[in-house]
There are 2 protein chains.
Amino acid sequence: MNNFEFKNPTKILFGKGQIESIENEIPKDAKVLMLFGGGSIKKNGIYEQVKTALQNHEVVEFGGIPANPEYSVLMKALKVIKEENITYLLAVGGGSVIDGTKFLSAAALYEGEGPWEILTNKIPILKGMPFGTVLTLPATGSEMNSGAVITRKDTKEKLVMGGTGLYPTFSVLDPQVTHSIPHRQLVNGITDAFTHVLEQYITYPIGAALQDRISESILQTLIEVAPKILADPTDHTAASNFMWSCTMALNGLIKQGVPTDWAIHAMGHELTALYGIDHARTLAVIAPSHYEYNLETKKEKLAQYAERVWNITDGSTEDKARAAIKRTEAFFNEMGIDTKLSQYTDDYEGTAEEISKRFKKRGMEGLGEHQNLTPEDVEKIVKMSY
Amino acid sequence: MNNFEFKNPTKILFGKGQIESIENEIPKDAKVLMLFGGGSIKKNGIYEQVKTALQNHEVVEFGGIPANPEYSVLMKALKVIKEENITYLLAVGGGSVIDGTKFLSAAALYEGEGPWEILTNKIPILKGMPFGTVLTLPATGSEMNSGAVITRKDTKEKLVMGGTGLYPTFSVLDPQVTHSIPHRQLVNGITDAFTHVLEQYITYPIGAALQDRISESILQTLIEVAPKILADPTDHTAASNFMWSCTMALNGLIKQGVPTDWAIHAMGHELTALYGIDHARTLAVIAPSHYEYNLETKKEKLAQYAERVWNITDGSTEDKARAAIKRTEAFFNEMGIDTKLSQYTDDYEGTAEEISKRFKKRGMEGLGEHQNLTPEDVEKIVKMSY
């Protein structure tokens, strides 16, 4: 096991009716900017619940933060923060709204030239404007970590940021939000969280017994819960387990002391950029090819995953590893997710070369837990996923 | 799953050589009181490592905190804190030193009559003097939670305290400390952590799938690691997994949204008070009888534990539950722990009645996850453990 440092100060308020407790989590004298997305919260009642909880607070609203939170929109919110002397941010939404709010938390206190350089110069944010979240879509884990992904259309960039100052002060996780989440988004959420665990688990053995078992616990729970929540999004037990699993998948706990991969995400992001394919679905497209291509370096962990998560015990290490990849792909397929690029676009020829070229141009460092995957490797992996 | 609130702000510094990083965790202008126990840290090199790390800090020392941290000793430390204008506490030791430091953290800022009333009046501590810990004995989990148990000899009391202000600011977990831990204490540590998980897991099903699986993960890891660390305390991988499992067993994560028991601890504490039996060993004495006595209400979780942790799959729910109890007792026995009170004292007759009488006298509320175990039940359980 590697050395590690771990601290996660976010307060989780989990369960039915927890939205009302945000009244006591936000300082009474705060001037709050409430941030949200396309307005679904006005249909499912969450907007009303938040407004009621904050009826004794001074609240300004900013809606319209899009999926893949866009810099130009966020800059408009930043203007509101400055003009209105906002002191506290409240994200009410999914990963995109929360990530956008993290950018604003950093940008509000940033004293450099322009806030975009936080992303381009990879400036770690040690202190941001305090913010809380009300999660409306279990998937990304952003509600209990300190990272964010921000998109800028005019330069076609999608960059990451983070820092110990960007943990939400609190996050409300009320599983009842699943009642109104469209089927497609539930499937995406399960797939996203599942792949988050795989990226931190399917690497090479390093003797971190407990981290491995907790990763397997999250995967097993997601597998168990998927058919239940998809059949009935009002199943409270299923919704609770789904929501907590998504948070635990990326709150930092399972990555402590172990190598991590994240190559699937790097390649998947490009498929979203090129074809607008849902983030989670790009992961399901890339993962099987990535694991097949890297079987030799990943086979021990793949075989462990086969045995402990899928109960596949026959054959050699390689046999089990291959069976685990197939079973994972089948799991995605069973939820209705296509796992080949050609099922999303007819125009897939040349995609592998294009992505490889992009990585080369950016001077990509080696991908994967060994940091040794080259743009040539990326080309082959993406081609396998056609 | 029940609603829950969860926040754990302790920063964990895990791994080889992490003691040196405390230099950067304690403010430069702090006046530090370094607290420790009987002096073993002067033999195993940890004292020197801490002193070297803090060579640029102003440090006062207070040694001699005993196992079951004693109020009268702590009151002497409190006098030092006031006289020397201490601003930061550093616990270097196991659960007793850390628990004693938590009491001092609270007492140093307490403005009531006398600090003992923090315990008798169950005053929740929302703010204490900041403190960090260097853990020298994996077992109690105190390094990453906000609770403490304090003993007072003159009144024969052993009381609990806690509050959100009592989380350590940081805790150093260097698995190399296991090298010099006596075999008996390693066995105690494994047993203590194992029982901590059982107390939060062997209750009744409430649909908390992920919490169950994480509890099982900790139990499985402890079972796997026990023979390795006991055979070779310098096995770094085993030591790392042992140490992290002990912390995770009682850092609050696995109790979220689920019922908890803690009756084994309540009864075990009395055996320590009456006969001076090591805390962990009292748990191993009580646990089998407690589970046997409460088989009817606990059988579903016991059977789940049987299947998932011990791979016991034959028979009815009751059969599996009984087999799990037997297997747990055997696990303790295999480590060299006696699980019958008569193996610790010849003078055991009347113990059950005495403990029952004590509970009655204190106006004990019902024990266990259903809060329905009476002093009469306690008498029967303790008698079964003779």
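Which values, in whole Å and largest first, are the semi-axes of the equivalent ellipsoid of the stretch B:71-118 obtained as the square root of 5 times each eigenvalue of the Cα gyration tensor?
One finds semi-axes of 16, 13, 9 Å for the stretch B:71-118.
Tell me the volume per residue, in Å³, of the convex hull enclosing the alpha carbons of the stretch A:41-97.
Hull volume over Cα atoms, normalised by residue count, gives 82 Å³.
Place a +1 charge on the Cβ of each Lys and Arg in the stretch A:127-249 and a -1 charge on the Cβ of each Asp and Glu, then give the dipole magnitude about the Cα centre in debye, rounded to the nearest 20.
420
So the label point sits 7 Å from Cα along the Cα-to-Cβ vector; using that for A:Gly114, what distances do you get to the other copies, in nanometres, sorted shortest first?
Once sorted, the set of distances for A:Gly114 reads 6.8 nm.
Over all directions, what mean area does the Cα convex hull of the stretch A:279-323 project, stated in square nanometres?
Taking a quarter of the hull surface, the average projection is 3.2 nm².
Within 10 Å of each Cβ in A:170-180, how many Cβ atoms from other chains are there, averaged over the peptide?
Taking the mean over all residues of the peptide, I get 1.
Once both labels are modelled 7 Å past Cα along the beta-carbon direction, what's the A:Glu20-A:Arg184 spacing in nm?
About 3.6 nm separates the two model spin labels.
Please quote Rg/Rh for the stretch A:11-176 to two decimal places, taking the Kirkwood radius as Rh and restricting both calculations to Cα atoms.
0.94
Explain nothing, just the number: relative contact order of chain A, from Cα pairs under 8 Å at least 6 residues apart, as a whole percent.
Rounded, it is 15 percent for chain A.
Give the average over all directions of the projected area of the C-alpha convex hull of the stretch A:182-384, one decimal, in nm².
Reported value for the Cα convex hull: 11.1 nm².
Can you give the relative contact order of the stretch A:182-384 as a percent, counting alpha carbon pairs under 8 Å and 6+ residues apart?
23
Taking amide H positions as placed in the peptide plane 1.01 Å from N, state which residues far from A:Ile125 in sequence (5 or more) or on other chains have amide H under 5 Å from it.
Amide H to amide H, under 5 Å and 5 or more residues apart or across chains, A:Ile125 pairs with A:Gly162, A:Gly163, A:Thr164, A:Gly165.
Mind scanning B:Lys153/B:Lys360; A:Lys79/B:Lys7; B:Lys11/B:Lys51; B:Lys320/B:Lys360; B:Lys127/B:Lys153 and naming the pairs with a C-alpha gap bigger than 24 Å?
A:Lys79/B:Lys7; B:Lys320/B:Lys360; B:Lys127/B:Lys153
Expressed as an acute angle from 0 to 90° and rounded to the nearest 10, what is the orientation of the C-alpha long axis of helix A:95-109 relative to the principal long axis of chain A?
Roughly 60 degrees between the two axes.
Take B:Asn333 and A:Asp314, extend 7 Å from each Cα along the Cα→Cβ direction, and tell me the distance between the two endpoints in nm.
Going by the 7 Å Cα→Cβ label model, 3.9 nm.
Suppose every Lys and Arg Cβ carries +1 and every Asp and Glu Cβ carries -1, with no other charges. What dipole size does the protein assembly as shown come out with about its Cα centre, to the nearest 20 debye?
So the magnitude is around 840 debye.
Please report the base-10 log of the normalised intensity I(q)/I(0) for chain B, using a Debye sum with one equal scatterer per alpha carbon and no solvent, at each q in 0.06, 0.14 (1/Å).
-0.22, -1.27
At a 10 angstrom cut-off on C-beta neighbours, averaged per residue, how do the peptides B:217-224, B:285-292, B:345-352, B:132-139 rank from highest to lowest?
The packing order, highest mean first, is B:132-139, B:285-292, B:217-224, B:345-352.
For B:Lys28 paired with B:Glu117, estimate the spin-label separation in nm (one decimal), with each label point 7 Å from Cα along the Cα-to-Cβ line.
4.2
So what J values fall out for the stretch B:12-20 if you push phi through Karplus, 6.51 cos²θ - 1.76 cosθ + 1.60 with θ = phi - 60°, rounded to Hz, Gly and Pro as x?
Residue by residue, the stretch B:12-20 yields 9, 10, 10, x, 4, x, 6, 4, 5 Hz.
Output the Kirkwood hydrodynamic radius of the stretch B:307-386, Cα pairs only, in Å rounded to one decimal.
14.8
What share of the DSSP beta bridges in chain A is antiparallel, in percent to the nearest 5?
Within chain A, antiparallel bridges account for around 25 percent of the total.
Work out the mean other chain Cβ neighbour count within 10 Å for the residues of B:238-244 and drop it here as an integer.
For this peptide, the per-residue mean of nearby foreign Cβ atoms is 5.
Sorted from largest down, what three extents in whole angstroms do the Cα atoms of the protein assembly as shown have along their principal axes?
84, 61, 50
Please compute, for peptide A:211-220, the average count of beta-carbon atoms on other protein chains lying within 10 Å of each residue's beta-carbon.
5
For the stretch A:103-177, give me the percentage of DSSP beta bridges that are antiparallel, rounded to the nearest 5 percent.
The antiparallel fraction comes to roughly 65 percent.
Each residue of the stretch B:365-379 in order: what ³J(HN,Hα) in whole Hz does its phi give by Karplus 6.51 cos²θ - 1.76 cosθ + 1.60, θ = phi - 60°, with x for Gly and Pro?
For the stretch B:365-379, the Karplus curve yields 7, x, 8, x, 5, 9, 6, 10, 7, 9, x, 5, 4, 4, 4 Hz.
With each run of n ≥ 4 DSSP H residues scored as -39500 (n - 2.57), what mean residue ellipticity at 222 nm is computed for chain B after dividing by its residue count and rounding to the nearest 500 deg cm²/dmol?
-15500 deg cm²/dmol
Near the amide H of A:Glu58, under 5 Å away, which other amide H atoms are found, from residues 5 or more places off or on another chain, if H is placed in the peptide plane?
Under 5 Å from the amide H of A:Glu58: A:Val32.
Just how large is the dipole of the stretch B:183-384 about the Cα centre, in debye to the nearest 20, putting +1 at every Lys and Arg Cβ and -1 at every Asp and Glu Cβ?
280
Which of A:Lys28/A:Lys156; B:Lys43/B:Lys383; A:Lys361/A:Lys383 have a Cα-Cα distance over 31 Å?
In this structure, A:Lys28/A:Lys156; B:Lys43/B:Lys383 exceed 31 Å between Cα atoms.
Quick one: of the DSSP bridges fully inside the stretch A:11-176, what percent are antiparallel, nearest 5?
Within the stretch A:11-176, antiparallel bridges account for around 20 percent of the total.
Since every read-out is calculated from the coordinates, none of them should be taken as a lab result. Computed from a predicted structure; not experimentally measured. Neighbour counts are summed over all protein chains in view; Cβ atoms, including those assigned to glycine, are modelled from backbone coordinates with ideal geometry.
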